[in-house]
Amino acid sequence: MTKEFARAIRSSLLEMRIPDGMLLSPGASQILLDFVDNHRASPNLISLRESNKRVIIETFAGDLSNIFLSLCIKAVSGLKSVSANWHSVVIKRGVDIDELHEMLLAISRLEVREVSGILSTFLLANPSELKRQYELFGEKLERYVPKELLVKYVIHRLFDSLLLSELAGAVIE
């Protein structure tokens, strides 16, 4: 899912409510309320919250941007249990929400070349991660290409400088 589409969904979720005068069955009302609650969107562009021993970074930034963010977190922190989907990045264990907030602020202050360097070092040291990210783009020629070139390709395809700047405004909820 693209960032534009994910952000449009976020906008819709922020405005979602049952319109006045609309009569819904109790079951339908509960389904709608559960959906909104489980896919909540913060009025803040990027928010952090804890849930079931996990820290969730809600971005509604789309698949590739959140994969980029998850790689940045893995590369900077060494955390392994980091996953991404179209609306969030989830850290399953090993980080305190305040530490994560500080980490995101630190990442947001890095220069583009610094982030690229950190990601490059991380991907070169983690060939399985590099292969997984490379295959996201449907590519199958990794065995014929030098690893350094694969790393540049992956970083180029995933890099989201706008998301990096948005991290500076991340809020703990």
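The values are calculated or read from the model by the stated rules, or taken from the named source; none is laboratory data. Because the structure is predicted, anything quoted here is derived from the model rather than measured. All Cβ positions, glycine included, derive from the backbone under ideal geometry; neighbour counts span all protein chains shown.
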TODO: Filter the stretch 1-44 for residues that are part of a loop (DSSP other than H, G, I, E, B), at pLDDT 75 or above, closer than 17 Å to Gly62 by Cβ and of a type in the set (Ser, Thr, Tyr) and give the result.
DONE: Thr2
TODO: Tell me which residues, restricted to the stretch 71-87, are under 8 Å from the mean Cα position of the chain (by Cα) and surrounded by 22 or more Cβ atoms within 10 Å (Cβ to Cβ).
DONE: Ala84, His87
Open item on the list: Please determine whether any residue of the stretch 82-93 is among the basic types (Lys, Arg) and either assigned to a helix (DSSP H, G or I) or within 19 Å of Ile172 (Cβ to Cβ) (or both).
Closed with: yes
Task: The one condition in (1) surrounded by 14 or more Cβ atoms within 10 Å (Cβ to Cβ); (2) farther than 15 Å from Ile46 by Cβ that Leu164 fails to fulfil - done: (2)
Task: When residues of the stretch 51-70 are limited to those that are among the polar types (S, T, N, Q), touching a residue at least 12 places away in the same chain (Cβ under 8 Å) and more than 13 Å from Met103 (Cα to Cα), the one surrounded by the fewest Cβ atoms within 10 Å (Cβ to Cβ) - done: Ser65
Task: Residues within the stretch 140-161 that are surrounded by 15 or more Cβ atoms within 10 Å (Cβ to Cβ) and farther than 16 Å from Leu124 by Cβ, tallied - done: 3
Open item on the list: With crowded, with 20+ Cβ neighbours inside 10 Å and touching a residue at least 12 places away in the same chain (Cβ under 8 Å) as the only criterion, which of Ile118, Ile107 stands out?
Closed with: Ile107
Task: Val112 vs. criteria under 15 Å from the mean Cα position of the chain (by Cα), within 25 Å of Val151 (Cβ to Cβ) and of a type in the set (Val, Ile, Thr) - done: no
Task: Pick from the stretch 50-74, criterion farther than 13 Å from Leu164 by Cβ and small (Gly, Ala, Ser), ranking: modelled with the lowest pLDDT - done: Ser51
